[in-house]
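S.K.: This structure is in structure tokens; I'll ask about it shortly.
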Amino acid sequence: HIWKGHLMVGTVSLLDHFSALKDPRQQWRVIYPLREILLLVLSATLSGMEDFVEIRLWGKQRLDFLRRFLPFERGIPAHDTLNDVMNAIDEELFKSCFASWVETLREQDPDIIAIDGKTSRRSHDRGRGRDPLHMVSAWATRQRLVLGQEAIEHKSNEIVAIPRLLERLELKGALVTIDAMGTQSEIAEKIVAKGGDYLLALKANRPATHKDVVRFFADPPADQISKPFETVEKDHGRLETRRHVVCHEVDWLFSDRRYPDEPRFPHLAMIAMVETEVERHGRLEQERRYYLSSAKLDAKSFAAAVRAHWGIENRLHWVLDVVFHDDLARLRTGSGPQNMAVVKHMAMNLVRAQDDKHSLKVRRKLANLNPDYLQKLLTKDTALT
């Protein structure tokens, strides 16, 4: 192994996982190597920079830091160069490289993987008729890691994006949770084929099955359902009670009758319900939500899985908006929006992996103020370059 600064070069490193990326520029015109651009963009994003003008400014101020790892013989490229390169990088290959890197961070123990979509509201381009970027992400709920992402231009395209995202993920032993948009037999098939189990929300987009399950839980046979598992939360004058019930008897869903929405989910082993009562200012609101699963969970485990799925909103989407200011992102052309979303997910995983008492927001500020702390975020006991 060769030592460079405080980093060991020669092991499989963070940037090595992106070595499969091809530089989109004509080689004879390349002045700033792609590895240097990737290191600059990632480091500056970790440090709180939000566009290429800020990234270039940060790089000029932190050139000595960047040279701990790579030569940067020609200094820092112009912001237009950064923009052009990030727009031109092959987005599919970039996502695959990200998935390869994340696998080195994941623990072997099975996890709940939540899949959900989020729209970057200011990534639209009205002049070109481009809608805001919608990103479907996979989130390991226990480790709080972004595992992968798939970009689409319409929320309705999630049905197409989810299978592509699942294809890049390691699902063996995992429980995959998806909202009703992903409650499709083909998606369930892919999850089971890759060694995972599914927990899919059931709504009126599958009307006949939804109607059957609603009717069942309206008056369920006592010997076919679990004892309810109840949780109670109080917060700012709001009292929320959730009752979770599961049923492992699902043969009655598969009968001799035939109808367009007949369940065809592979290895369906459980139907389940969450009944929510919210009391606020003397008013009581009630709601029931229904689920299909290939795993025979008990009521308590089912409750934990549902709650874990909600965590993708609070721990991924909220952090992207509040800490990484994702809704202010203005990248609108080429592959730039998708590729910078991958960079933000890389930065989020690195920031979360740091084991200290600081908030995510403070960690980014520290990264900007203290080069040694930034190096610690980037490397975390492994080589960077």
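The values are calculated or read from the model by the stated rules, or taken from the named source; none is laboratory data. In this text the structure is predicted, and so the values were computed from the model without any measurement. Positions of Cβ are backbone-derived with ideal geometry, glycine not excepted, and every protein chain shown enters the neighbour counts. Each accessible area value is taken on the protein alone, full model and side chains, heavy atoms only, with ligands, DNA and RNA left out. Shrake-Rupley method; radii C 1.70, N 1.55, O 1.52, S 1.80 Å.
S.K.: What residue, of Arg280, Arg315, is at pLDDT below 90, over 22 Å from Asp179 (Cβ atoms) and open to solvent by 60 Å² or more (accessible area, probe 1.4 Å)?
M.R.: Just one listed residue meets the conditions, Arg280.
S.K.: Could you figure out which of (1) farther than 19 Å from Gly311 by Cα; (2) open to solvent by less than 20 Å² (accessible area, probe 1.4 Å); (3) at pLDDT 90 or above isn't true of Lys194?
M.R.: All conditions pass for Lys194, except number (2).
S.K.: Ok, one more. What's the number of the condition Asp109 fails, among (1) exposed (fewer than 14 other Cβ atoms within 10 Å of the Cβ); (2) closer than 30 Å to Ile191 by Cα; (3) not assigned by the TED database to the domain that holds Ile178?
M.R.: (3)
S.K.: Would you mind finding the one in Arg144, Arg168 that is surrounded by 18 or more Cβ atoms within 10 Å (Cβ to Cβ), in contact with a helix residue (DSSP H, G or I) (Cβ under 6 Å, 6 or more places away or on another chain) and modelled with pLDDT of 75 or more?
M.R.: Step by step, each of Arg144, Arg168 is checked, and only Arg168 is surrounded by 18 or more Cβ atoms within 10 Å (Cβ to Cβ), in contact with a helix residue (DSSP H, G or I) (Cβ under 6 Å, 6 or more places away or on another chain) and modelled with pLDDT of 75 or more.
S.K.: Out of (1) more than 30 Å from Leu169 (Cβ to Cβ); (2) basic (Lys, Arg); (3) in contact with a Leu (Cβ under 7 Å, 6 or more places away or on another chain), the odd one out for Arg67 is which?
M.R.: Failing condition for Arg67: (3).
S.K.: Filter region 44-79 down to residues that are exposed (fewer than 15 other Cβ atoms within 10 Å of the Cβ) and of a type in the set (Gly, Ala, Ser) and give me whichever is nearest to Val342 (Cα to Cα).
M.R.: Selected residue: Ala78.
S.K.: Now, a different point. Can you name every residue in region 20-49 that is over 22 Å from the mean Cα position of the chain (by Cα), assigned to a loop (DSSP other than H, G, I, E, B) and under 13 Å from Ile89 (Cβ atoms)?
M.R.: Ala20, Lys22, Asp23, Pro24, Arg25
S.K.: Among the residues of region 166-224, which ones are among the β-branched types (Val, Ile, Thr) and touching a His at 6+ places or on another chain (Cβ under 9 Å)?
M.R.: Thr177, Ile178, Val192
S.K.: Six or more apart or on different chains, Cβ under 6 Å: which pairs go from a residue in region 90-102 that's under 19 Å from Thr141 (Cα atoms) to one that's of a type outside the set (A, V, I, L, M, F, W, C)? Could you list them?
M.R.: Ala99/Gly148; Ala99/Arg168; Ser100/His17; Trp101/His17
S.K.: Residues in region 204-226: is at least one under 26 Å from the mean Cα position of the chain (by Cα), closer than 20 Å to Glu158 by Cβ and touching a residue at least 60 places away in the same chain (Cβ under 8 Å)?
M.R.: Within region 204-226, none of the residues are under 26 Å from the mean Cα position of the chain (by Cα), closer than 20 Å to Glu158 by Cβ and touching a residue at least 60 places away in the same chain (Cβ under 8 Å).
S.K.: How many of the residues making up region 368-382 are touching a helix residue (DSSP H, G or I) at 6+ places or on another chain (Cβ under 8 Å), touching a residue at least 40 places away in the same chain (Cβ under 8 Å) and under 15 Å from Met346 (Cα atoms)?
M.R.: The number of residues fulfilling the criteria is 4.
S.K.: In region 204-217, which residues are surrounded by fewer than 16 Cβ atoms within 10 Å (Cβ to Cβ) and in contact with a strand residue (DSSP E or B) (Cβ under 9 Å, 6 or more places away or on another chain)?
M.R.: Within region 204-217, just Val214 meets the criteria.
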